[in-house]
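To start, the structure itself, in C-alpha coordinates.
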Amino acid sequence: MIVVALALVAVAVARPATEPEPPKILRSDFNQQPDGAYNFGFETENGINRGETGEVKEVLDEEKKPHNVVVVRGTYSYTDKDGKLESITYYADESGFHAEGDSIPKSPAARR
(Lines give C-alpha, C1' and ligand atoms only; values in the text may rest on other atoms or scores of the structure.)
Protein backbone atom coordinates (compact mmCIF):
# COMPACT_ATOMS: atom_id res chain seq x y z
CA MET A 1 0.00 0.00 0.00
CA ILE A 2 2.85 2.39 0.83
CA VAL A 3 4.52 1.69 -2.53
CA VAL A 4 1.32 2.54 -4.40
CA ALA A 5 0.91 5.77 -2.43
CA LEU A 6 4.52 6.78 -3.16
CA ALA A 7 4.03 6.01 -6.85
CA LEU A 8 0.94 8.22 -7.00
CA VAL A 9 2.80 11.05 -5.26
CA ALA A 10 5.68 10.71 -7.74
CA VAL A 11 3.29 10.92 -10.70
CA ALA A 12 1.55 13.97 -9.25
CA VAL A 13 4.85 15.77 -8.64
CA ALA A 14 6.17 14.95 -12.14
CA ARG A 15 3.08 16.35 -13.90
CA PRO A 16 3.24 20.06 -14.75
CA ALA A 17 1.02 22.22 -12.56
CA THR A 18 -0.70 23.85 -15.54
CA GLU A 19 -1.08 22.77 -19.12
CA PRO A 20 0.12 25.31 -21.68
CA GLU A 21 -2.64 27.19 -23.47
CA PRO A 22 -3.15 26.21 -27.11
CA PRO A 23 -2.37 29.01 -29.57
CA LYS A 24 -5.26 31.34 -30.39
CA ILE A 25 -6.81 31.19 -33.84
CA LEU A 26 -6.53 34.58 -35.53
CA ARG A 27 -8.38 33.72 -38.74
CA SER A 28 -10.46 30.76 -39.87
CA ASP A 29 -12.71 30.37 -42.88
CA PHE A 30 -14.36 27.50 -44.73
CA ASN A 31 -16.52 27.47 -47.85
CA GLN A 32 -18.26 24.36 -49.21
CA GLN A 33 -19.85 24.26 -52.67
CA PRO A 34 -22.79 22.01 -53.59
CA ASP A 35 -20.67 20.12 -56.16
CA GLY A 36 -18.10 19.09 -53.50
CA ALA A 37 -15.55 21.85 -54.15
CA TYR A 38 -14.30 23.70 -51.09
CA ASN A 39 -11.68 26.07 -49.72
CA PHE A 40 -10.49 26.76 -46.22
CA GLY A 41 -7.76 28.57 -44.39
CA PHE A 42 -6.61 29.48 -40.93
CA GLU A 43 -3.86 31.32 -39.09
CA THR A 44 -2.78 31.01 -35.46
CA GLU A 45 -0.99 33.42 -33.17
CA ASN A 46 2.16 31.27 -33.18
CA GLY A 47 2.61 31.68 -36.95
CA ILE A 48 0.94 28.57 -38.32
CA ASN A 49 -0.84 29.24 -41.63
CA ARG A 50 -2.74 26.82 -43.82
CA GLY A 51 -4.86 27.17 -46.92
CA GLU A 52 -6.41 24.51 -49.13
CA THR A 53 -8.77 24.22 -52.08
CA GLY A 54 -10.55 21.20 -53.44
CA GLU A 55 -12.00 21.05 -56.93
CA VAL A 56 -14.07 18.27 -58.43
CA LYS A 57 -12.61 16.76 -61.60
CA GLU A 58 -13.90 13.97 -63.82
CA VAL A 59 -11.36 11.23 -64.60
CA LEU A 60 -11.51 7.87 -66.32
CA ASP A 61 -10.82 4.70 -64.35
CA GLU A 62 -9.01 1.58 -65.61
CA GLU A 63 -12.16 0.50 -67.45
CA LYS A 64 -12.46 3.93 -69.11
CA LYS A 65 -15.54 4.76 -67.02
CA PRO A 66 -15.79 8.37 -65.82
CA HIS A 67 -15.97 9.20 -62.14
CA ASN A 68 -15.37 12.30 -60.04
CA VAL A 69 -12.33 12.91 -57.85
CA VAL A 70 -11.47 15.90 -55.70
CA VAL A 71 -8.19 17.53 -56.64
CA VAL A 72 -6.65 19.15 -53.56
CA ARG A 73 -4.09 21.97 -53.58
CA GLY A 74 -2.73 23.75 -50.57
CA THR A 75 0.07 25.25 -48.54
CA TYR A 76 1.01 25.38 -44.91
CA SER A 77 3.78 27.11 -43.01
CA TYR A 78 5.11 27.14 -39.49
CA THR A 79 8.21 28.18 -37.57
CA ASP A 80 10.43 25.24 -36.66
CA LYS A 81 12.21 24.75 -33.32
CA ASP A 82 15.25 26.67 -34.65
CA GLY A 83 13.14 29.69 -35.62
CA LYS A 84 13.20 28.98 -39.38
CA LEU A 85 10.01 29.46 -41.37
CA GLU A 86 9.05 26.18 -43.07
CA SER A 87 6.65 26.30 -46.02
CA ILE A 88 5.14 23.29 -47.76
CA THR A 89 3.11 23.32 -50.98
CA TYR A 90 1.16 20.22 -51.93
CA TYR A 91 -1.40 18.77 -54.26
CA ALA A 92 -3.25 15.48 -54.44
CA ASP A 93 -5.06 14.10 -57.45
CA GLU A 94 -5.61 10.79 -59.19
CA SER A 95 -1.81 10.39 -59.42
CA GLY A 96 -1.30 10.60 -55.62
CA PHE A 97 -0.03 13.09 -53.04
CA HIS A 98 2.84 15.42 -53.97
CA ALA A 99 4.58 17.86 -51.60
CA GLU A 100 7.42 20.35 -52.06
CA GLY A 101 9.36 22.41 -49.56
CA ASP A 102 12.84 22.81 -48.10
CA SER A 103 12.14 20.19 -45.42
CA ILE A 104 10.78 17.60 -47.90
CA PRO A 105 13.49 15.17 -49.06
CA LYS A 106 14.22 15.31 -52.78
CA SER A 107 14.68 12.29 -55.01
CA PRO A 108 18.26 11.93 -56.23
CA ALA A 109 18.87 12.82 -59.86
CA ALA A 110 18.75 9.87 -62.22
CA ARG A 111 22.20 8.57 -63.23
CA ARG A 112 22.95 7.83 -66.85
Total residues in region 43-59, condition part of a strand (DSSP E or B), open to solvent by 30 Å² or more (accessible area, probe 1.4 Å) and among the polar types (S, T, N, Q): 2
Any hit, region 92-111, residues being of a type outside the set (A, V, I, L, M), modelled with pLDDT of 95 or more and touching a strand residue (DSSP E or B) at 6+ places or on another chain (Cβ under 9 Å): no
Check on Ser77, crowded, with 16+ Cβ neighbours inside 10 Å and either over 30 Å from Leu26 (Cβ atoms) or among the hydroxyl-bearing types (Ser, Thr, Tyr) (or both): yes
Residue within region 54-69 that is closer than 25 Å to Pro23 by Cα and basic (Lys, Arg) present: no
Residue check for Lys24: exposed (fewer than 12 other Cβ atoms within 10 Å of the Cβ) and modelled with pLDDT of 90 or more: yes
Complete set of residues in region 80-94 that are under 11 Å from the mean Cα position of the chain (by Cα) and either open to solvent by 40 Å² or more (accessible area, probe 1.4 Å) or of a type outside the set (Ser, Thr, Tyr) (or both): Ile88, Thr89
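The values are calculated or read from the model by the stated rules, or taken from the named source; none is laboratory data. Since this is a predicted model, take the numbers as computed values, not measurements. Reconstructed Cβ throughout: ideal geometry from the backbone, glycine too, with neighbour counts over all protein chains shown. Note: accessible area is taken over every heavy atom of the protein model, side chains too, but ligands, DNA and RNA are not part of it. Shrake-Rupley method; radii C 1.70, N 1.55, O 1.52, S 1.80 Å.
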